[in-house]
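Can you keep this structure in mind? I'll have questions shortly.
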């Protein structure tokens, strides 16, 4: 066997085992999360700290969701995720963290009472959307925007059933909304019905009302 053939065989073997690891993550996620319905996924920056207005709002939203019978799903890390899990946990609700293995290890926050660990981002993202009755997006960075854009793309292309996608923080998201409306929509890159997928709501109580209008508990 040549060196080149050996390398190819090693890659093939590694890919085969990787497939089984991916399947195992899907199975574990499906079995665990199917028990906790209805649920809402919450996203936002890891860099928000306790005492910040956004942290406090995420905590309040998590608490209200739990009080209204919803499980709360987050990425299980710090910042907005921690705040939402804290709120849900304080109300005696199901506080779920989908933790991801990163080079700089992300430790699960202490407010999750159900924790799942994922190696693969794409498997974790399936869990967020498959078991969510709504997405709540607070201010965040690239990761938050990735989750936001994927959700509205899946709804736009009818790959999933429509559900509320709610952005929280008018000041933060205003430029994004304006750009979609004044540039993307006006240039015909999306239709007006695509723009309607998104909602901008700041008040936690109004967020809960909006979700409950579209979800049968």
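Only the coordinates and a few stated rules stand behind these numbers; no lab work does. In this text, all values refer to a predicted model and were calculated from it rather than measured experimentally. A quick note on method: Cβ atoms are made from the backbone with ideal geometry, for glycine too, and the neighbour counts reach across all protein chains shown.
Which FRET efficiency value, to the nearest 0.05, do you get for residue 119 and residue 183 by plugging their Cβ-Cβ distance into 1/(1 + (r/R0)^6) with R0 = 45 Å?
Values: r = 38 Å, r/R0 = 0.83.
In this case the efficiency is close to 0.75.
In addition: What do you get for the angle between helix 170-179 and the principal long axis of the chain? Use alpha-carbon atoms, 0 to 90 degrees, nearest ten.
Taking the Cα atoms of the chain, the angle to 170-179 is about 70 degrees.
Across the Cα atoms of the stretch 25-214, what radius of gyration and what greatest pairwise Cα-Cα distance (Dmax) are found, in Å?
Rg then Dmax for the stretch 25-214, in Å: 15.7, 48.
Report the per residue volume, in Å³, of the convex hull enclosing the C-alpha atoms of the stretch 43-108. It would help to have the intermediate numbers written out before the result.
Values: hull volume 4.4 nm³, N = 66.
Each residue corresponds to 67 Å³ of Cα convex hull volume.
Hey, how many Å between the Cα centroid of the stretch 40-108 and the Cα centroid of the stretch 110-182?
14 Å
Picking from 20, 121, 195, which is most flexible by a Gaussian network model of the chain using Cα springs under 10 Å?
In this elastic network of the chain, the residue with the biggest mean-square fluctuation among 20, 121, 195 is 20.
If you don't mind, there's one more thing I want to ask. For n ≥ 4 DSSP H runs only, could you compute -39500 (n - 2.57) per run for the chain, divide by its residues and tell me the 222 nm figure to the nearest 500?
Working: 8 runs with 107 residues, N = 217.
Mean residue ellipticity at 222 nm (helix-derived): -15500 deg cm²/dmol.
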